[in-house]
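Colleague: One structure follows; several queries about it will come next.
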Amino acid sequence: MRFLLRFRRDPIGALQELAQTYGDIVHMKLGGQHTYLLSHPDVIRDVLVVHHQQMHKPNLQQQPLGGNGLLRSEGEFHKRQRRMMQPAFHRKRITAYAEVMTGYTQQMSGRWHDKQRIDIAQEMMGLTLSIISKTMFGAEVEQDTQTVYHSFTTWMRLNSTHRFSPFDHVFNSLPLPRKKQQAEARARLDAIVYRMINERRTSGKDNGDLLSMLLLARDEEGGGDGMTDQQLRDEVMTLFLAGHETTANALAWTWYLLSQHPEVEEKLQRELDTVLAGRIPTSDDIPNLPYLEKVFTEAMRLYPPAWVIARRALDAYQVGTFTLPANSLLITSQYVVHHDARWYPDPQRFDPERWTTEARAQRPKFAYFPFGGGPRLCIGEPFAWMEGELVLATLAQKWSLRLAPGHKVEMEPLITLRPRHGLPMILHQR
């Protein structure tokens, strides 16, 4: 109970304290539920990759927005859905999205003014929402940005209130105001997603984007069936929300870190000036911007957008000399592992040079896993990397950002890792 109270107040601090005090395998009994915090990269690899078939994703959200979409589905159904969606994320297709990414970024930059105060967290949220909507669904959603932001924020905060609590079923059986607020937030998001689907159905156009693929997709290795309306809604909702939220947070935290480390920002700007000389970047430029990649990589180490992963062991599961009972809840935290001094000396320090080829080779693979791993590795990982680097390259050529004086920066670990009070920045045109 003491852990649950601490976890509700400060989930990241609670998990870090457990790992630092008790080691790589920590057992807790939460309301009769055997729960284990696993913090060694090799153990994490075994859970996510080697023995993934022995694991399911636990139902820690009573009202999952994505329904039975790719983030939550299991077994053969999950394999089928991923197989049908994978073509939209092939590297050649993602490369074709680059112009949309930089185009929307330029539009946003054109609205900015020297010495203007902005909330970079909300700016990045609006930008990535526009990008995912256009590239994946062929839709313009600028008018919906605030609705999506506030509805998703409401839903996440309410859903995170009792996360990992053994008494969640009790809270959800009560007629609490939060249930009505959750339903209202979900309904607002559903309206936007169904509008996109219905507009495409009505037009009958094949735009070659993800939504067209989903509407036309047939499971050739199965029975040749397409997706039901419910499946279509679940997958669109999953990618619509997950596809902008995580990258927006990664970008916002990157701007914050650059604002606090002008020496890193200066080195990044020198690289951009040398390689791009003021022109808009393309996907072909990314391999020639190694320091840009290091900066974005290190930012996601310090502030991983997805900060915790949970699995449920279907059967008894062996971890070293320990046998974990069937139905155990296994928790691993990107934030905890990414701040482990064994792999990252002085782990709180922002140091892009950690990501040289030599330094990477000295660490276990799962000492860094911002996108998960194994068969459930985020399907949009290549999209997110290209989007993040192109947005940074486009904007950092023209702008320096500085945190507004006196603003308190605090993490808000919901389903994703957000800045709790936003990140107000002052723009400085180069």
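Colleague: Are any of the pairs LYS115/LYS408; LYS92/LYS398; LYS92/LYS408; LYS57/LYS180; LYS115/LYS267 more than 31 Å apart by Cα-Cα distance, and if so, which?
Modeller: LYS92/LYS408
Colleague: Hey, with R₀ at 45 Å, roughly what FRET efficiency would ASP206 and ASP273 work out to, going by the Cβ-Cβ distance, to 0.05?
Modeller: Approximately 0.60, to the nearest 0.05.
Colleague: If only Cα atoms are counted, what is the Rg of segment 20-98, and what is its Dmax, in Å?
Modeller: When restricted to Cα atoms, segment 20-98 yields Rg and Dmax of 17.2, 51 Å.
Colleague: Report, please, the projected area of segment 289-395 averaged over directions, based on the convex hull of its C-alpha atoms, in nm².
Modeller: So the Cα hull casts an average projection of 8.0 nm².
Colleague: Please compute the modelled spin-label separation between LYS57 and GLN348, points set 7 Å along Cα→Cβ, answer in nm with one decimal.
Modeller: Output for this residue pair reads 3.4 nm.
Colleague: Could you give the Stokes-Einstein D for segment 348-430 in µm² per second, using the C-alpha Kirkwood radius, 37 °C, 0.692 mPa s?
Modeller: The Stokes-Einstein estimate is 203 µm²/s.
Colleague: A further question follows. Please compute, over every Cα-Cα pair in the chain, the percentage with a separation greater than 37 angstrom.
Modeller: The calculated P(r) of the chain puts 24 percent of pairs beyond 37 Å.
Colleague: Compute, for segment 249-307, the length of the dipole vector about the Cα centre, with Cβ point charges of +1 (Lys, Arg) and -1 (Asp, Glu) only. Units Debye, rounded to 20.
Modeller: With only Lys, Arg, Asp and Glu charged at Cβ, the dipole is about 120 debye.
Colleague: Have a look at PHE3, VAL319, VAL26 and report the one farthest towards the positive end of the charge dipole of the chain, computed about the Cα centre with Cβ charges (Lys/Arg +1, Asp/Glu -1).
Modeller: PHE3
Colleague: Here is a follow-up. Would you kindly state how much longer the chain becomes between GLU410 and LEU314 on full extension, computed as 0.36 nm times their sequence separation minus their alpha carbon distance, in nm to one decimal?
Modeller: Separation in residues times 0.36 nm, less the Cα-Cα distance, equals 30.9 nm.
Colleague: I've got another one for you. Would you mind getting me the FRET efficiency between GLN86 and GLU140? Use the beta-carbon distance for r and R0 = 22 Å, nearest 0.05.
Modeller: 0.25
Colleague: Between HIS421 and ASP284, how high is the FRET efficiency from 1/(1 + (r/R0)^6) when r is the Cβ-Cβ distance and R₀ = 30 Å? Nearest 0.05.
Modeller: Efficiency, rounded to the nearest 0.05: 0.20.
Colleague: State to the nearest 20 debye the size of the charge dipole of the chain about its Cα centre, where the only charges are +1 on K and R beta carbons and -1 on D and E beta carbons.
Modeller: Charge dipole, the chain, about its Cα centre: 980 debye, nearest 20.
Colleague: Per DSSP H run of at least 4 residues, take -39500 (n - 2.57); add these up for the chain, divide by its residues and hand me the 222 nm value, nearest 500 deg cm²/dmol.
Modeller: -15500 deg cm²/dmol
Colleague: Given LEU214, PRO287, THR238, which one lies farthest toward the positive end of the charge dipole of segment 206-302, if we put +1 on the Cβ of every Lys and Arg and -1 on the Cβ of every Asp and Glu?
Modeller: Most positive-ward Cα: PRO287.
Bear in mind these aren't lab numbers, they're just calculated from the coordinates by the rules spelled out. Just so it is clear, the model here is predicted, and its values are computed rather than measured. Here the Cβ is made from the backbone with ideal geometry for all residues, glycine too, and neighbour counts use every protein chain on show.
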